[in-house]
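This report refers to the structure that appears directly beneath it.
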Amino acid sequence: MSYRRRASPLHAARAAAAGAYCLALGCAALLLSAPLTLGALTLAIVLAGVAAGVGREMRRAARFAVVLGVLVMVVNALVVRDGLTVILRLGSLPLVGHTDVTLEATAYGAVLGLRAVALVLGGALYTTAVDPDDVLRLFRRSSFRSALTAAISTRMLPVLIRDSRRLADAQRCRPGRPPSRVALMRAATAGVLDRALDTAAALEVRGYGAARRVPRTPRPYSRHDLAFGASAVGILALALGGRIGALAPFRAYPGLHAPMPAGAWALAAGLLGCALLPFAERRGIER
């Protein structure tokens with residue numbers, strides 16, 4: 001899973017606006033606890049990925065995220081002893097002891113699992129829709145050499161993956177027992193280190209970091225930059241308002257309390273609308 005330029009409003013926005021948008025989605029997932037609003041936010045992240053043209057990558061990330069979410073729910077249900085409503089008596093289990101699964105622990109585990117799903121999907125959206133080179137350019141004013149080092153490192157990672165696959169394919173053509181993954185990783189890493197030394201020598205010869213840098217002309221903000229920046233602010237405002245104002249109350253212990261008043265439905269609709277409205281503007285996405 002890596003970044004690739006696509007014709008979408010999120011890809012057309014600069015890294016600062018697109019990164020702030022993805023960060024706002026992640027912060028909202030940490031702030032919200034009610035199943036209704038957290039589910040609406042997860043749905044918004046999925047639809048944002050589809051609108052950005054990275055639905056296939058999001059689907060791959062969702063497979064891992066769902067397994068992780070279920071695991072979090074099961075672990076919380078087995079480990080946490082709080083709650084008044086017992087739904088399953090498992091008796092004495094190894095390493096855990098006497099275990100009674102409660103409805104409250106299961107429900108809260110499901111909320112934690114859904115939050116983990118939202119965070120994983122938000123990270124996948126950031127990885128596939130935000131240009132890493134533009135992100136590094138944001139930090140070059142404070143540390144040009146560090147940004148250059150990080151850029152080269154991120155470029156070397158796909159090389160390591162490709163070399164590992166080629167070595168594995170070559171080894172499968174040889175008779176005998178195939179090598180272990182550790183041996184393949186050791187060989188691929190040695191090749192990447194040699195390439196890194198060659199790249200560093202080439203950069204030193206070309207004078208990177210020694211010459212005085214010419215200041216860049218600031219690029220004006222586009223409509224996509226403003227749209228996703230405003231969306232990030234709106235998502236954070238809605239999440240904070242829902243948390244402080246208790247628009248969607250949720251309490252798991254000691255008894256489950258999860259009402260769905262009109263404020264919770266309004267907050268869920270506002271999160272969906274605020275997250276998806278920037279994708280309505282399709283002009284200028286081909287640049």
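Ranked from highest to lowest mean number of other Cβ atoms within 10 Å per residue, what is the order of the peptides 87-94, 221-228, 107-114?
Top of the packing list down: 107-114, 221-228, 87-94.
List, in order, the whole-Hz ³J(HN,Hα) value for each residue of segment 229-242 obtained from phi through the Karplus relation with A = 6.51, B = -1.76, C = 1.60 and θ = phi - 60°; use x for Gly and Pro.
Using θ = phi - 60°, the values come out as x, 5, 5, 4, 5, x, 5, 5, 5, 5, 5, 5, x, x Hz.
What nm distance separates the two modelled labels at VAL79 and ALA196, each placed 7 Å from Cα along Cα→Cβ?
3.4
Can you give me the long-range amide H partners of GLY83? Hydrogens built in the peptide plane at 1.01 Å from N, cutoff under 5 Å, separation of 5 or more residues or another chain.
Amide H neighbours of GLY83: none.
Let a ≥ b ≥ c be the square roots of the eigenvalues of the Cα gyration tensor of segment 25-101; is it rounded (a/c under 1.5), or, if not, prolate (a/b larger than b/c) or oblate?
Verdict is prolate for segment 25-101.
Using Cβ contacts closer than 10 Å as the measure, can you line up CYS173, CYS22 from fewest to most?
Sorted ascending by nearby Cβ count, the order is CYS173, CYS22.
Computed from the coordinates by the stated procedures, all read-outs in this text should not be read as laboratory data. Keep in mind it's a predicted model, so treat the numbers as computed, not measured. All Cβ positions, even for glycine, are placed from backbone atoms using ideal geometry, and neighbour counts span all protein chains on display.
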